[in-house]
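Here's the structure we're looking at; comments come further down.
The values are calculated or read from the model by the stated rules, or taken from the named source; none is laboratory data. Everything numeric here is computed off the predicted structure, so don't read it as measured data. Cβ placement follows ideal geometry from the backbone for every residue including glycine, while neighbour counts extend to all protein chains displayed. Ligands, DNA and RNA are stripped out before the accessible areas are found, and what is left, the full protein with its side chains, is counted by its heavy atoms. Shrake-Rupley method; radii C 1.70, N 1.55, O 1.52, S 1.80 Å.
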Amino acid sequence: MTPAPRQAALLALLLPLLAVSLPGEALAQGAARAATPQFSGPIVIQRGGTYRGNWQSLDPDKSAVLIKTSDPVIIEDSVIQGKGTLIKSVFQGARVTIRRTKGIALNPGRPLSEYRYPGRFLHLEEFKSAVVENNELVGTSGMYFRDYRGTAARGETIKIRRNRARNIDGRYSTGPNTFSLDRARLVQFVQFNGVQRLAGAEIAWNEVINEPGKSRPEEVISMFLSSGVPDSSILIHNNYIQGAYPARPTDGHYSGGGMNLADGGTKNLRDANAYIRAYRNVVINTGNQGIAISAGHDIQAYENRILSSGYLPDGRPIGTQGVGLYVWDLNGNRKHGTFYNNSARDNLVRWETPLRGRNSTNNWWFPDCPASWTKNGVTVKGCTGNRALPTRVTQSVERQEYANWLARVKAAGLRLGLGLDQ
């Protein structure tokens with residue numbers, strides 16, 4: 001039953017005082033998040049279970065949360081901050097679930113010569129499963145996954161859904177309150193590195209916004225020498241990505257962008273990027289490129305919206321405005337039989353390039369993608385059906401794309417991040 005307005009106002013005033021004694025776990029959790037957290041020191045988790053708390057590490061060499069067990073671990077309803085990696089597990093066969101948790105990266109506060117950068121929200125190597133849902137990432141260097149060791153028959157996979165991230169940042173620290181404008185670690189909201197033959201994986205309904213001058217991602221989502229399986233592609237869908245820039249946003253050199261669905265060439269078919277599908281994503285105003293396929297086979301990008309005005313919010317042109325969408329055998333792997341059956345179809349694209357002229361655009365480039373091919377006797381669409389937005393992309397259009405995506409989230413009945421402002 002909803003309280004009367006006067007009762008509701010009184011409850012709002014008393015809630016910080018009564019949270020411990022009021023019934024209902026959700027009520028207490030909401031009050032805990034609203035209050036300024038009191039942090040304890042770093043924690044080492046050595047047994048499975050569910051963990052809730054507020055942990056921090058002020059030592060760049062020490063993770064705020066270190067997981068040293070292969071038993072299932074759940075971290076929920078927590079706040080974690082640190083000058084290094086926030087949550088880490090390496091070589092343990094970790095099975096990790098993280099939900100409704102806020103991760104805050106602090107400036108490492110060290111000289112450039114130490115090459116310290118804001119910590120990853122999550123760093124997993126030689127792991128078995130990861131579920132990351134409804135979290136909030138602030139100023140972190142994102143999530144890194146290397147060398148999946150799980151078993152699909154047990155449901156061991158990766159699910160990254162409904163998270164909110166602000167300012168994925170790989171800039172090297174130059175002191176307590178400063179970052180380098182020239183040197184950076186290549187970091188991502190999500191990086192798969194050598195995550196091979198992964199069934200059931202999903203990266204969906206995440207919101208990632210990078211502000212110029214406050215962030216420095218490489219690709220926001222990067223699949224490096226990673227693959228799904230023929231009957232279960234890695235699914236990357238319905239995400240909203242806004243912004244990807246060098247540390248100096250107007251610089252003319254930057255190799256990042258929105259997504260690279262297949263990075264890292266190989267002559268070995270077993271290790272190639274493969275079976276990845278990206279669809280119904282919205283990619284807005286990222287430097288260099290929007291969505292790229294530069295290696296691998298059986299990679300698909302379809303029904304995405306890829307738009308950029310070519311300008312920063314303050315009106316300066318972006319220095320590296322390359323191309324909205326491309327399929328290109330960057331490493332020359334076609335001759336080794338590891339680049340084929342890649343497609344970019346039915347996408348809506350307009351990529352303004354104002355430094356080349358007022359009405360200049362560079363929407364797509366498909367040097368290594370036919371319009372169709374035959375697979376198992378069936379004709380498959382390649383790079384075809386893509387449409388250019390007929391009118392110019394302005395900053396107003398970009399803002400409307402964000403509003404439209406939020407409306408889609410609401411229509412789907414979803415809540416993003418901690419859900420406190422929805």
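Springs join every pair of Cα atoms under 10 Å in this Gaussian network model of the chain, and among Gln46, Gln242, Gln289 the largest mean-square fluctuation is at Gln46.
For the range 47-141, what ratio Rg/Rh do Cα atoms give with a Kirkwood hydrodynamic radius? Computed over Cα atoms, the ratio is 0.97. The packing ranking, built from the mean of other Cβ atoms within 10 Å per residue, places the peptides 333-344, 270-281 in the order 270-281, 333-344, highest first. For the range 272-398, the relative contact order comes to 26 percent (Cα pairs under 8 Å, sequence separation of at least 6).
At a probe radius of 1.4 angstrom, the accessible area of the range 164-270 per residue rounds to 33 square angstrom.
Between Ile74 and Lys214, the contour length at 0.36 nm per residue exceeds the Cα-Cα span by 47.3 nm. Computed over the chain, relative contact order equals 9 percent, with contacts defined as Cα pairs under 8 Å that lie 6+ residues apart. Taking 35 Å as R0, compute the FRET efficiency from the Cβ-Cβ separation of Arg149 and Arg358 and round it to 0.05. Efficiency for this residue pair is about 0.10. The helix-based estimate of mean residue ellipticity at 222 nm for the chain, built from -39,500 (n - 2.57) per DSSP H run of four or more residues and divided by its residue count, is -3000 deg cm²/dmol to the nearest 500. Accessible surface calculations at 1.4 Å, restricted to protein heavy atoms, place the range 305-422 at 52 Å² per residue.
Averaging the sequence gap over all C-alpha pairs within less than 8 Å and six or more residues apart, then dividing by the number of residues, gives the range 52-186 a relative contact order of 22 percent.
Summary of the geometry: the range 48-63 and the range 178-206, compared by the centres of their Cα atoms, lie 21 Å apart. Simple point charges give the picture: +1 on the Cβ of Lys and Arg, -1 on the Cβ of Asp and Glu, and for the range 302-422 a dipole about the Cα centre of about 180 debye.
Taken over the Cα atoms of the chain, the convex hull encloses 168 Å³ per residue.
The Cα-based radius of gyration and maximum Cα-Cα distance (Dmax) for the range 235-393 are 15.6, 53 Å. For the chain, a Gaussian network of Cα nodes joined below 10 Å ranks Pro212, Pro60, Pro313 by mean-square fluctuation, and the top entry is Pro313. Here the chain exposes an accessible surface that is 51 percent carbon and sulfur, computed with a 1.4 Å probe and the other protein chains kept in place.
Taking springs between alpha-carbon atoms closer than 10 angstrom, which of Gly265, Gly41, Gly150 fluctuates most in the Gaussian network model of the chain? Result: Gly41 has the largest fluctuation of those listed.
For the pair the range 78-125 and the range 340-367, the centres of their Cα atoms are 36 angstrom apart.
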